[in-house]
Structures are given as structure tokens and as C-alpha cells.
Amino acid sequence: HNLNDFMKFPNPVAPDLEEKPMPELENRGLENQSSILENLVNQDQILHFPYQSYDYVLRFFNEAAIDPDVSEIKVTLYRVARNSMIANALISAAKNGKKVTAFVEVKARFDEANNLKWADKMEAAGVRLIYSLPGLKVHAKVALVVRASTGGEQSFAYLGTGNFHEDTARLYCDHGLLTSHNQLTKELSMVFDFLETQHKSEPFQHLLVAQHNMQDRFLEMIDREIDHSSQGLPASIVIKLNNIEDQVMIDKLYEASQKGVNIILLIRSICCLVPDADYSANIKVIRLVDRFLEHARVFYFYNRGKEDLYLASADWMNRNLYRRIEVGFPILDQKVKKELLRILKFQMEDNVKAYRLDSKQHHQPANRRKVRVRAQMDTYQWLKKRK
């Protein structure tokens, strides 16, 4: 039996029990722009799925495919939709004379056949295909567009927490950053160079890349909060993941808790960390399961009020940190950072759909205060009212 088929069943008996429709919202920074690429020259844009339309991602690829000044497109494809408009855009780009490179993961569980089908179509159209590296999955969700501009070339990047998949974008809560930030696009180009040659280049200064610097940088940022707490300064960490399993990272969080760092973990699924014990008294674990599947990975470090914020494709599991290529990226635009932190606050304050994990790993209902906070619904309404 394929239980997914039940999602397609009609409901003639109790339509009043169904969730009310939530029309996809506009991104006001992009909606009335004739060119997404031109808009990104001066500012970063963040997209929040499934609340906002995934059409902006499709526009990004379609514009790159037809823009006569775009010379090259590179993308990692871990999972794509059965009728992928992104893959079709890459095919169009290749037919329009662009140099298109797609890294296709052929070990994406349940999607191997679909990925290979699209790989064959893209290769037939002239897209350069790079397949899985031996013993190494590429789980990063990134794309790079190179475009001629006054004074030389300019690059644009899409860095996401979720797959390039139009269907799951309607069900999974993810974020996607569109940027032309020079250092981010330069380092993303280095990631693609590694995928093509398997030769490590100069160290990454901004991006967090598994197999290169991701775990070390996370440990450094936790150590920094420990140091600040030891000096009597405020120190806090908020981490949102699907799963936390890696013992190295868990032990470091225990150490931070014992040194007085305040830690909140939003963990949807596997959690091998025990909160609220003697050795983890400053760690709170929140489960949030609602209408949409929480899928984004978010990392916040107070850092003496500088509030460093990263998004990533990686959980803290052995497979992600040691056996995959993952990409984490900093949020450098202050407006974008403020927006993400507001959404994160909704999730930490949820008292309708959230549960707290106790030291015996039992789920306790969140404090049902008079003021109801339902993170997903409140996020939608907040984004809807934003100007």
C-alpha cells in the first residue's frame, strides 16, 4: 500500500474538517520587478516556503536561461519534481547556448529513477552532467548563475535549505536566499570546482561546507559562546534541525550548557540529545509538528549581540557531517536577518502545536498561555501583512 495515495482521495463526508486554503503569498521585493537578477545587484532576497510562491525560484532559472548576457549556470539536483520546470529551464538554457552544469545525485532515496530520467533528458539537450561522487552524497541545494556586466562578470546565487522541487515546496517549510554577494558567489564557485575536480581549494571564509570546514566552524562558534558565558556575558544558541545524532556536536552542546550558555533546540525528528538533565540543564528541546513539514536548518549564535545567523542543508547527523557535501551560508543582509529571526521567534513561542522534550524524553505540551501562538499560521499572517 502507498499511503501517499490517500492525499489524493476526495472528501465528500466532512469538508469542514479540512485545513482552510492558504494562497501563496507574494514576495514584495521581487513581485513587481522585471528582472530578478537586476534586483539582486543591490540587495539580497529571502523566500519562505510554502508561505510564499515557489514561482520566484522558477523565474530565477527561466530568466537565466533566456538572458543573452548569462553565460553559465551551475546547479546541484538532489531531488527534482516528476514534471520539473527547473530541469526544463536548464534544458532551455543549454539550447540557448549557455554552459550548463548539473550535479545529479543518483543515490537520492526513492527518487533515483526520476533523477536519472531527467539526467538523460538534460544530457541529450547539451547539459553537462556530473554524477555522484564515490562514497559521497551531494545534499547541498545551491545554484550559481554567471552573467556579463559592465566591467566584467557578475555572479548570482541561490542557496537553500530545501530541494529544487516544486511539489515539496508546497508542503515543506524551507528558506531560499537569492544573492549577488561577491564573497558568497565566489565561494560557491569554489564548491562547484570541488565537485568537478575533487581538488580542495583555498579555505572557505563565509560558507560552511561539509568535508571542508562545517563541523569545525560550528564547534568554534559554540566555543565562542562558552567563552563569552565564562566572562559573565550573555550567551545563547538556537539551532533548528530535522535530526541531531552526531555525538561530537551533542557533547559540545552539553559542555556549553554546563558553562551557562542558554540553548534552545527545535528538533522535528531524531533527537539523541537529552535535555533538562544535570548535564544539560540549560538546553530546551522543542518539537513542532503542524500542517507543513518543518524542514529548514537554522543556526543562531548570540555573539555579544552581533547575532550570527546561518541557514544550511545539513542536519547534525553522521551522514551529513562526514559523508555528504552540504552547504551552510551566513545571512549578511540585516533586513533578511531580522525577517528570519522573527519567524524563528514564532517557532520558539509556539504554544498550540509545540511540545517540549523532557529529561526522560517524554513529550510535554507547551505552556498553553492565554495568548495563542501557532507558529505556522502566525508566520503566514505576518508575511501577508508585511509591506
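The values are calculated or read from the model by the stated rules, or taken from the named source; none is laboratory data. As the structure is a prediction and not an experimental result, all values here were calculated from the model. Because the Cβ atoms are built from the backbone with ideal geometry, glycine has one as well, and the counts that use them run over all protein chains shown. Accessible surface is based on the protein model in full, side chains and every heavy atom, while ligands, DNA and RNA are left aside. Shrake-Rupley method; radii C 1.70, N 1.55, O 1.52, S 1.80 Å.
Here are the numbers for the structure shown:
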{"read-out": "Any chance K345 is under 26 Å from the mean Cα position of the chain (by Cα) and under 15 Å from I264 (Cα atoms)", "value": "yes"}
{"read-out": "Top-ranked residue in segment 316-351 [being part of a helix (DSSP H, G or I), among the basic types (K, R) and open to solvent by 20 Å² or more (accessible area, probe 1.4 Å); ranked as nearest to M214 (Cα to Cα)]", "value": "R319"}
{"read-out": "Test: K137 is within 25 Å of E294 (Cβ to Cβ), at pLDDT below 90 and basic (K, R)", "value": "yes"}
{"read-out": "Residue in segment 84-106 that is open to solvent by 20 Å² or more (accessible area, probe 1.4 Å), under 29 Å from A312 (Cα atoms) and free of Cβ contacts under 8 Å to residues at least 24 places away in the same chain present", "value": "yes"}
{"read-out": "From L159, L129, residue being surrounded by 15 or more Cβ atoms within 10 Å (Cβ to Cβ) and either in contact with a helix residue (DSSP H, G or I) (Cβ under 6 Å, 6 or more places away or on another chain) or outside any strand (DSSP E or B) (or both)", "value": "L129"}
{"read-out": "L311 being farther than 22 Å from N182 by Cβ, under 17 Å from the mean Cα position of the chain (by Cα) and in contact (Cβ under 8 Å) with a residue 12 or more places away in the chain", "value": "no"}
{"read-out": "Matching residues in segment 352-380 - criterion: being small (G, A, S) and either surrounded by 16 or more Cβ atoms within 10 Å (Cβ to Cβ) or modelled with pLDDT of 95 or more (or both)", "value": "A354, A366, A375"}
{"read-out": "Identity of the residue in segment 213-254, open to solvent by 10 Å² or more (accessible area, probe 1.4 Å) and among the polar types (S, T, N, Q), that ends up farthest from Y279 (Cα to Cα)", "value": "N213"}
{"read-out": "Condition broken by A87, with the remaining ones in (1) out of contact with any helix residue (DSSP H, G or I) (no Cβ under 6 Å at 6 or more places or on another chain); (2) outside any strand (DSSP E or B); (3) hydrophobic (A, V, I, L, M, F, W, C) satisfied", "value": "(1)"}
{"read-out": "Condition check for K117: basic (K, R) and assigned to a strand (DSSP E or B)", "value": "no"}
{"read-out": "Number of the exception - L383 against (1) of a type outside the set (F, W, Y); (2) buried (at least 18 other Cβ atoms within 10 Å of the Cβ); (3) at positive phi", "value": "(3)"}
{"read-out": "Subset of segment 255-298 [more than 24 Å from the chain's Cα centre (by Cα), open to solvent by 30 Å² or more (accessible area, probe 1.4 Å) and farther than 17 Å from R356 by Cβ]", "value": "E255, Q258, K259, G260, D278, Y279"}
{"read-out": "Unique match (being in contact (Cβ under 8 Å) with a residue 12 or more places away in the chain, outside any loop (DSSP other than H, G, I, E, B) and of a type outside the set (G, A, S)) among H206, H228, H212, H165", "value": "H228"}
{"read-out": "Hits in segment 28-38 - residues which are buried (at least 17 other Cβ atoms within 10 Å of the Cβ) and at pLDDT below 95", "value": "G29, L30"}
